[in-house]
Amino acid sequence: TAFGPTKVLFEFSDADDADFGNVLAAPEIAKLRVGPATGSPAVYKYFVVVSGYNNKRTAVNGHAGGDTNVSSDTLNKRVLFLLSLDHVLNTPWVAGTDYYKFTFPANTVGSPNGLGPVSLLPSRSGDRSTAAMYFGDLQGNLWRLNTAGNDPSTWIPAPVTVAAPLPIFVATDSCSHWQPSTPRPALPSRA
């Protein structure tokens, strides 16, 4: 009975970024090193890691009042979001400051798509930070995002070509049809 807007940490929707999809899995919380590049002490931030399905930009999105972020982008892209836990409630979200997004190319235009649940690979440094993230998508791809660098601008999908990131695995059947990769990837633990 006492729940209200002052009781939540923050809210993020496609009103904040048009590439935000429908989140079906529980988000992960990752500790990531954000600086400095040299010297010490290390600076860490905590992020909510979310991905979703059906993040295709359209004129009619899920939030009320219409979409002010509509673009001519018609690809049903895969987008991973890292939302900073230190975001101040009731202030606008700023890309590259309190949230980051990483886009992975679509196999085809118009096919259902989106990223599945994320698994976090711990760093070997002993600082309990995250070294990489793994996740699948509806078009059979398994992806990796390396987060071992000290600056979010250095966190990259891998492997990568000059043109675009590449999946590390593509699941297909005997007729080369994509097999959706929707479960959370199982990763070995690092002691």
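From the square roots a ≥ b ≥ c of the eigenvalues of the alpha-carbon gyration tensor of the stretch 83-149, which class results: rounded (a/c under 1.5), prolate (a/b over b/c), or oblate?
Working: a/c = 2.65, a/b = 1.21, b/c = 2.20.
It comes out oblate by the Cα gyration axes.
In sequence order, what are the phi-derived ³J(HN,Hα) couplings for the stretch 29-39 according to the Karplus relation 6.51 cos²θ - 1.76 cosθ + 1.60 with θ = phi - 60°, rounded to whole Hz, with x for glycine and proline?
Along the stretch 29-39, the couplings run 10, 10, 8, 10, 7, 10, x, x, 5, 9, x Hz.
Given a 1.4 Å probe and every protein chain left where it sits, what share in percent of the accessible area of the stretch 1-52 is carbon and sulfur?
Within the stretch 1-52, the accessible surface is 57 percent carbon and sulfur.
Can you give the net charge of the other residues whose Cβ lies under 15 Å from the Cβ of N90, counting K and R as +1 and D and E as -1? Before the final figure, lay out the partial values.
Values: positive: K7; negative: E11, D16, D86, D98.
Around N90, the charge tally is -3.
Can you work out ³J(HN,Hα) from phi for every residue in the stretch 93-98, in order, using Karplus 6.51 cos²θ - 1.76 cosθ + 1.60 and θ = phi - 60°, giving whole Hz and x for Gly and Pro?
Couplings: 6, 10, 4, x, 10, 10 Hz.
Long-range amide H contacts for K77: which residues qualify at under 5 Å (H placed 1.01 Å from N, peptide plane, sequence gap of 5 or more or a different chain)?
Excluding prolines and chain starts, which carry no amide H, the hits are R57.
Under 5 Å between amide hydrogens, which residues at least 5 positions from L85 or on another chain qualify, with H placed 1.01 Å from N in the peptide plane?
Y46, F47, V48
So what J values fall out for the stretch 114-120 if you push phi through Karplus, 6.51 cos²θ - 1.76 cosθ + 1.60 with θ = phi - 60°, rounded to Hz, Gly and Pro as x?
Rounded to whole hertz, the list is x, 9, x, x, 9, 10, 9.
What accessible area per residue, rounded to a whole number of Å², is obtained for the stretch 1-40 using a probe radius of 1.4 Å?
Each residue of the stretch 1-40 exposes 64 Å² on average to a 1.4 Å probe.
The values are calculated or read from the model by the stated rules, or taken from the named source; none is laboratory data. None of these values were measured; they are calculated from a predicted model. Neighbour counts are summed over all protein chains in view; Cβ atoms, including those assigned to glycine, are modelled from backbone coordinates with ideal geometry. Just the protein is used for accessible areas: all its heavy atoms, side chains included, with ligands, DNA and RNA removed. Shrake-Rupley method; radii C 1.70, N 1.55, O 1.52, S 1.80 Å.
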